[in-house]
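Notes follow the structure.
The values are calculated or read from the model by the stated rules, or taken from the named source; none is laboratory data. Keep in mind that what you see is a predicted model, and the values were worked out from it rather than measured. Using ideal geometry, Cβ is built from the backbone for each residue, glycine included, and neighbour counts are taken over all protein chains shown. Ligands, DNA and RNA are excluded from the accessible area calculation, which covers all protein heavy atoms including side chains. Shrake-Rupley method; radii C 1.70, N 1.55, O 1.52, S 1.80 Å.
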Amino acid sequence: MVVWTIANQKGGVGKTTTTVTLGALLAERGQRVLLVDIDPHASMTYYFGIDAEELEVSVYDIFMRGKDISREEILQSLCPSGVDNLDILPSSMALATLDRSLGNKNGMGLILKKGLSKLSKDYDYILLDCPPVMGVLMVNALAASDRVLIPVQTEFLAIKGLERMIATMGLMRQSQQKDYSFTIIPTMYDKRTRASLEAYKELKAKYQDKVWSAVVPVDTKFRDASLAQTPPPVFAPRSRGVFAYNTLLSYLLQLPAENSHV
């Protein structure tokens, strides 16, 4: 089982779109995929038409139950996505309280990793959609990951968020003694604008081989797919955005596990 964490300490850069699209593309390729929403805003949960406020169980239960939660109980928390081979572990707004309730407890950074490990025979890939802030949730997501995917909108402020994200991984490497394989994904690229061109140029100059060599373009089909509560590969399989993510997925699948360490 491989865990990809999709994270950036800036919102609005395409984290949920990246998670949903890559997850659906993996499922199309016959992989058993679980998407986990650990953002208290529950964007990915609502994407699939799941009302986070109405759920009796969610990913929050893993954090609260810790090692006492069973594989069966986690499986009972899952929701269908409407796509074969693709399941959802939904979010809860109660996740926003975890920094206060778990922040000072020993071992709190490994709760999610230990919980998800119980599903190792059920899924080939787990993708974690993270909140854009540093805290217990981000720490847990990074600790659980085999690779960190960092979507970066091709504009100046998003690059600043990337710098914070990489600094965070550096601090976590020191505290957890774990290297992080990561890939930077340029998103929302618009070749007509100078801002996109300059931002992409800066990304390539500063981060070199850690940046995926292509881009995810601006594509209105992503917004239309979210309104339809349907993953883009199902809603608009021939769109240029889905083509870009398919190319990205092929690239990620051929990367060695040790590539691009912080």
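Does ILE62 count as aliphatic (A, V, I, L, M), open to solvent by less than 40 Å² (accessible area, probe 1.4 Å) and in contact with a Pro (Cβ under 8 Å, 6 or more places away or on another chain)?
When the stated conditions are applied, ILE62 does not pass them.
Scanning region 68-93 for residues that are acidic (Asp, Glu) and modelled with pLDDT of 95 or more turns up GLU72, GLU73, ASP84, ASP87. For region 137-161, what are the residues that are at pLDDT 90 or above and either in a helix (DSSP H, G or I) or touching an Asp or Glu at 6+ places or on another chain (Cβ under 7 Å) (or both)? Correct list: LEU137, MET138, VAL139, ASN140, ALA141, LEU142, ALA143, ALA144.
Of the residues THR187, THR154, THR183, which is touching a strand residue (DSSP E or B) at 6+ places or on another chain (Cβ under 6 Å), open to solvent by less than 70 Å² (accessible area, probe 1.4 Å) and under 16 Å from VAL3 (Cα atoms)?
On the way: THR187 fails: under 16 Å from VAL3 (Cα atoms); THR154 fails: under 16 Å from VAL3 (Cα atoms).
Result: THR183 is the single residue among THR187, THR154, THR183 that is touching a strand residue (DSSP E or B) at 6+ places or on another chain (Cβ under 6 Å), open to solvent by less than 70 Å² (accessible area, probe 1.4 Å) and under 16 Å from VAL3 (Cα atoms).
List pairs: first residue in region 238-251 and closer than 10 Å to ALA214 by Cβ, second residue open to solvent by 10 Å² or more (accessible area, probe 1.4 Å) and of a type in the set (Val, Ile, Thr) anywhere in the structure, Cβ distance under 8 angstrom, at least six positions apart or on different chains. From residues that are closer than 10 Å to ALA214 by Cβ, the pairs are ALA244/VAL215. State whether the residues of region 30-43 include one that is in contact (Cβ under 8 Å) with a residue 40 or more places away in the chain and among the basic types (Lys, Arg). Checking region 30-43: at least one residue is in contact (Cβ under 8 Å) with a residue 40 or more places away in the chain and among the basic types (Lys, Arg). Could you list, in sequence order, the residues of region 162-196 that are in a helix (DSSP H, G or I), in contact (Cβ under 8 Å) with a residue 12 or more places away in the chain and not small (Gly, Ala, Ser)? Answer for region 162-196, where residues must be in a helix (DSSP H, G or I), in contact (Cβ under 8 Å) with a residue 12 or more places away in the chain and not small (Gly, Ala, Ser): LEU162, ARG164, MET165, ILE166, THR168, MET169, MET172, ARG173, GLN176. Yes or no: region 253-261 includes at least one residue that is touching a residue at least 12 places away in the same chain (Cβ under 8 Å), in contact with a Leu (Cβ under 6 Å, 6 or more places away or on another chain), over 25 Å from ASP87 (Cα atoms) and not charged (D, E, K, R). So far as region 253-261 goes, no, none of its residues is touching a residue at least 12 places away in the same chain (Cβ under 8 Å), in contact with a Leu (Cβ under 6 Å, 6 or more places away or on another chain), over 25 Å from ASP87 (Cα atoms) and not charged (D, E, K, R). The set of residues in region 39-96 being touching a Phe, Trp or Tyr at 6+ places or on another chain (Cβ under 6 Å) and within 20 Å of GLY135 (Cα to Cα) consists of SER92, ALA94, LEU95. Going through region 121-132 one residue at a time, which ones are under 13 Å from the mean Cα position of the chain (by Cα) and open to solvent by 10 Å² or more (accessible area, probe 1.4 Å)? Of everything in region 121-132, those that are under 13 Å from the mean Cα position of the chain (by Cα) and open to solvent by 10 Å² or more (accessible area, probe 1.4 Å) turn out to be TYR125, PRO132. Residues considered: LEU98, LEU102. Of these, the only one that is over 30 Å from PHE235 (Cα atoms), touching a residue at least 24 places away in the same chain (Cβ under 8 Å) and in contact with a Leu (Cβ under 9 Å, 6 or more places away or on another chain) is LEU98.
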